[in-house]
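In what follows, a structure is listed as structure tokens, so that the remarks can point back to it.
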Amino acid sequence: MTGRHVLLIEDEPNIIEAIRFILTREGWKVDSHAHGTGAVEMVQKTDPDLLILDVMLPGRSGMEILRDLRALPEYENLPVLMLTARGQMRDRDMAERAGVSRFMTKPFSNTEVLAAVRDLLAQASRP
């Protein structure tokens, strides 16, 4: 099942359920974690093919988590789709500097999420 495992770090239950529904229906395995604290450890424990990461989380921000992951050699190329309720340019710039693969503003459509996940995994599987 390589290339089909997604870790979702998001604290809003309705978003977790929506994304889990969209992706499991398409054959992906989806794990979730609802807190910024322990997020890096959760990535290490589950070793996903793709990370979907919210910017604003209780405990630690998605930006901090992303910076920590990019500092670890085994996760410097992990595809990361970052979700935010605030689509301001400043947030996008910070995320890009931290090493995000793609940025998506809430609310988003099911089609957008699915297309982004497919695209990021396709890019990651290229040599």
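Being at pLDDT below 90 and among the small types (G, A, S), is that true of even one residue in segment 99-121?
No: segment 99-121 contains no residue that is at pLDDT below 90 and among the small types (G, A, S).
Being in a helix (DSSP H, G or I), without any contact (Cβ under 8 Å) to a residue 40 or more places away in the chain and of a type in the set (A, V, I, L, M, F, W, C) is the filter here; which residues of segment 57-81 pass it?
Hits for segment 57-81 are M63, L66, L69.
Of the residues R92, R118, R86, only one is farther than 22 Å from E12 by Cβ and among the basic types (K, R); which?
Criteria check complete, one pass: R118.
If you scan segment 104-127, which residues turn out to be open to solvent by 30 Å² or more (accessible area, probe 1.4 Å) and free of Cβ contacts under 8 Å to residues at least 40 places away in the same chain?
T105, P107, F108, S109, T111, E112, A115, R118, D119, A122, R126, P127, listed by residue number.
Name the residues in segment 13-56 that are in contact with a strand residue (DSSP E or B) (Cβ under 6 Å, 6 or more places away or on another chain), assigned to a loop (DSSP other than H, G, I, E, B) and open to solvent by 20 Å² or more (accessible area, probe 1.4 Å), would you?
D49
The values are calculated or read from the model by the stated rules, or taken from the named source; none is laboratory data. In this text the structure is predicted, and so the values were computed from the model without any measurement. Because the Cβ atoms are built from the backbone with ideal geometry, glycine has one as well, and the counts that use them run over all protein chains shown. These accessible areas exclude ligands, DNA and RNA; they are computed on the full protein's heavy atoms, side chains included. Shrake-Rupley method; radii C 1.70, N 1.55, O 1.52, S 1.80 Å.
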